[in-house]
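Asks: Have a look at this one.
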Amino acid sequence: MQEQSVDLVIIGAGTAGISAFKEASKVTKKIILIDHGPLGTTCARVGCMPSKTLLQVADYFHDRTHFSDLGIEGANQLQINIPHVMEHVRNLRDYFTSGTIKYLESLGENFIQGNAEFIDQQTIQVNNKKITSKAIIIATGSSSIIPAEWSSFKDEVLITENFFEQTNFSQKIAVIGGGAVGIELGQALSRLGIEIELFHSHEFISALTDPIVNACAVKIFTQEFPLHLNTIATVEKNKTDFTVKSADHAFSAEQIVAALGRHVNTESLNLKKLNLKFDKSGIPLYDRTTMQIEKLPLYIAGDVGKFRPLLHEAADEGRIAGYNAVRDKSSCFTRRTPLSIIFSQPNIASVGQSFEDLQNSKIVIGEVSFEDQGRARILSQNQGILRIYADKQTGKLLGAEMIAPQGEHIAHLLAHGIQQNMTTFDMLRMPFYHPTIEEGMRTALRHAASQVKTRHDSLDLAMCDSEAISNLC
Ligand SMILES: Cc1cc2nc3c(=O)[nH]c(=O)nc-3n(C[C@H](O)[C@H](O)[C@H](O)COP(=O)(O)OP(=O)(O)OC[C@H]3O[C@@H](n4cnc5c(N)ncnc54)[C@H](O)[C@@H]3O)c2cc1C
């Protein structure tokens, strides 16, 4: 067996691993990045990018349903060619993954394709090579869960890893799971003209915790496809189809999509050898501000750590781990304001602290419905609700949940405001163009501001210093 000694080994060349590599390379070139493949990152290959591409096509096709109201005739002649749609999704997916694959190829001997396994806390085996390293970063990501009861037909279950490889879909599909992936894929399939039914074990869909926003979201999606909530669905495989049963309903589906969450990719790493302390999900205990595992030369980054499994967080964690792993002492880094967006139509988003997090806090809630909002009506997207949470005493912005047209943009503005410690009054002093969806956010901010104990800025404008005015005159 070959032997090599380096400063850093990174296991996993996804977003977190590559970010770690780029950060650590500023200090040392003695780094080995390992990935067993398929290469290209979860985000670009089977995650964020192909799912958004499919949703975009589905949304364009769905728009035909209101064209006649706007005076655009002949929309009922439009047809969808699903094999062509899927080819388009894969073409764009290949475009997105090719950049990463080229980058990994450019790393030469610093990149090894193979399965990495721990021998001890500072030694890794990959292919026929033993690598001793001063530090190791685990950035192995996560994979879709298929329940053990489905093992006899697991190869027929659609999961994100095989979903975008499909050249066509059946006409009746059950989506099991109403989290981000289930809602996005379910709505995309439905808008492509497939009959879907969605089963979800909770009352709240996706990451929502605010009952009013959730009720609005459920009402909106129910207009497009049946949602069976708060129910554990069972799946039976028949000769040619599946029967999906909930407490009071049975659906005969030709295909099923499992959107039941993701398990962390640690099985093949042999972590048991390392004498670590683990949490309930089997993840080594680590510090989220340093990404260090205990006080060891071991770091974790990205979805494998299960803390906010999102692309921008994986990139941040990779950078933090990469920065610390090549230094004598780990530094702490402040994490960004929580921000999560689901690209359904309307978008679902949560920002900062959730409604649930704030249960025991003294807050005011500013609310706006998008049913009568000007720009939303122009866009024929006048559905949804935004609820902003602010401190009752000061008006400091704390969080928000929404299902809103172009909610992705509102969510960013609010996240930036929260991270800057802004109050509702500070936000209201910012400019708002007309007619925009952001004006809807302003209505919710004004509603929150009107309930804050110490009110000020009745015009939403800061008053000038009177001396400065007289000087100007
Ligand atoms: C359908 C879907 C939609 C999503 N949409 C969004 C979105 O819109 N916005 C958003 O922010 N996030 C989204 N996400 C989440 C986002 O994709 C992830 O947070 C991000 O890709 C995680 O990156 P990572 O580096 O942790 O993992 P990955 O990119 O999965 O990288 C892990 C790598 O480790 C390798 N590996 C695993 N075990 C080993 C081993 N033993 N040896 C060697 N290599 C190994 C794997 O091959 C893989 O390449 C979505 C995810 C999915 C599934």
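The values are calculated or read from the model by the stated rules, or taken from the named source; none is laboratory data. It should be emphasised that the depicted structure is a prediction, and the values quoted were computed from it without experimental measurement. FYI the Cβ positions are ideal-geometry reconstructions off the backbone, even for glycines, and counts take in every protein chain you see.
Asks: Which residues, taken from region 123-152, are surrounded by fewer than 14 Cβ atoms within 10 Å (Cβ to Cβ) and either in a helix (DSSP H, G or I) or of a type in the set (Lys, Arg) (or both)?
Replies: Selection gives Ala148, Glu149, Ser151, Ser152.
Asks: Further question: So which of Ser350, Ser380 ends up being under 21 Å from the mean Cα position of the chain (by Cα) and either within 19 Å of Pro211 (Cβ to Cβ) or more than 16 Å from the ligand (Cβ to nearest atom) (or both)?
Replies: Working: Ser380 fails: under 21 Å from the mean Cα position of the chain (by Cα).
So the residue among Ser350, Ser380 that is under 21 Å from the mean Cα position of the chain (by Cα) and either within 19 Å of Pro211 (Cβ to Cβ) or more than 16 Å from the ligand (Cβ to nearest atom) (or both) is Ser350.
Asks: Looking only at region 160-177, filter to residues that are closer than 25 Å to Ala250 by Cβ, among the hydrophobic types (A, V, I, L, M, F, W, C) and not in a strand (DSSP E or B); which one of those is nearest to the chain's Cα centre (by Cα)?
Replies: Going through the qualifying residues, I end up with Phe163.
Asks: Closer than 22 Å to Glu184 by Cβ, within 16 Å of the ligand (Cβ to nearest atom) and of a type in the set (D, E, K, R), is that true of Asp303? Write out each step before concluding.
Replies: Numbers: closer than 22 Å to Glu184 by Cβ: yes; within 16 Å of the ligand (Cβ to nearest atom): yes; of a type in the set (D, E, K, R): yes.
For Asp303, the condition - closer than 22 Å to Glu184 by Cβ, within 16 Å of the ligand (Cβ to nearest atom) and of a type in the set (D, E, K, R) - is met.
Asks: Can you tell me how many residues in region 105-122 are assigned to a strand (DSSP E or B) and of a type in the set (Asp, Glu)?
Replies: Keep residues of region 105-122 that are assigned to a strand (DSSP E or B), which gives 111-113, 116-120.
Cutting the leftovers down to of a type in the set (Asp, Glu) gives us 117, 120.
So the count comes out to 2.
Asks: Taking region 246-290, which residues are part of a helix (DSSP H, G or I) and either in contact with a strand residue (DSSP E or B) (Cβ under 6 Å, 6 or more places away or on another chain) or in contact (Cβ under 8 Å) with a residue 60 or more places away in the chain (or both)? Let's see the steps before the verdict.
Replies: In the first step, residues of region 246-290 are kept if they are part of a helix (DSSP H, G or I); the result is 267-269, 271-274.
Of everything in region 246-290, those that are part of a helix (DSSP H, G or I) and either in contact with a strand residue (DSSP E or B) (Cβ under 6 Å, 6 or more places away or on another chain) or in contact (Cβ under 8 Å) with a residue 60 or more places away in the chain (or both) turn out to be Ser268, Leu269, Leu271, Lys273, Leu274.
Asks: Does at least one position in region 97-104 carry a residue that is among the basic types (Lys, Arg), in a helix (DSSP H, G or I), under 30 Å from Leu33 (Cβ atoms) and without any contact (Cβ under 8 Å) to a residue 24 or more places away in the chain?
Replies: The initial filter retains those residues of region 97-104 that are among the basic types (Lys, Arg), namely 102.
Imposing the further condition that a residue be in a helix (DSSP H, G or I) reduces the set to 102.
Okay, now just the ones that are also under 30 Å from Leu33 (Cβ atoms), so 102.
Keeping just the survivors that are without any contact (Cβ under 8 Å) to a residue 24 or more places away in the chain gives 102.
Within region 97-104 (the criterion being among the basic types (Lys, Arg), in a helix (DSSP H, G or I), under 30 Å from Leu33 (Cβ atoms) and without any contact (Cβ under 8 Å) to a residue 24 or more places away in the chain), the answer is yes, since at least one residue qualifies.
Asks: Could you tell me which residue of region 123-146 is farthest from the ligand (Cβ to nearest atom), considering only residues that are more than 26 Å from Pro50 (Cβ to Cβ) and touching an Asp or Glu at 6+ places or on another chain (Cβ under 6 Å)? I'd like the intermediate steps shown before the answer.
Replies: Narrowing region 123-146 to residues more than 26 Å from Pro50 (Cβ to Cβ): 123-137.
Checking the rest, the ones that are also touching an Asp or Glu at 6+ places or on another chain (Cβ under 6 Å) come to 125, 130, 134.
Details: Gln125: 10, Lys130: 15, Lys134: 19 Å.
That would be Lys134.
Asks: On to the next question. Out of everything in region 108-122 that is within 14 Å of the ligand (Cβ to nearest atom) and over 29 Å from the mean Cα position of the chain (by Cα), what residue ends up being surrounded by the fewest Cβ atoms within 10 Å (Cβ to Cβ)? Break it down into steps so the answer makes sense when it comes.
Replies: Of all residues in region 108-122, those within 14 Å of the ligand (Cβ to nearest atom) come to 111-119.
Applying the additional criterion that residues be over 29 Å from the mean Cα position of the chain (by Cα) yields 118-119.
Details: Phe118: 20, Ile119: 14.
Checked region 108-122; the qualifying residue surrounded by the fewest Cβ atoms within 10 Å (Cβ to Cβ) is Ile119.
Asks: Assess whether Met441 counts as being within 12 Å of Arg375 (Cβ to Cβ), buried (at least 17 other Cβ atoms within 10 Å of the Cβ), hydrophobic (A, V, I, L, M, F, W, C) and within 26 Å of the chain's Cα centre (by Cα).
Replies: On the way: within 12 Å of Arg375 (Cβ to Cβ): yes; buried (at least 17 other Cβ atoms within 10 Å of the Cβ): yes; hydrophobic (A, V, I, L, M, F, W, C): yes; within 26 Å of the chain's Cα centre (by Cα): yes.
Criteria met by Met441.
Asks: Still on this structure, please answer the following. Given the options Ile183, Ile173, Ile159, name the one that is near the ligand (Cβ under 10 Å from one of its atoms), among the aliphatic types (A, V, I, L, M), surrounded by 13 or more Cβ atoms within 10 Å (Cβ to Cβ) and outside the structural domain of Val304 (by TED's automatic domain parsing). Let's see the steps before the verdict.
Replies: Values: Ile183 fails: near the ligand (Cβ under 10 Å from one of its atoms); Ile173 fails: near the ligand (Cβ under 10 Å from one of its atoms).
Answer to the check: Ile159.
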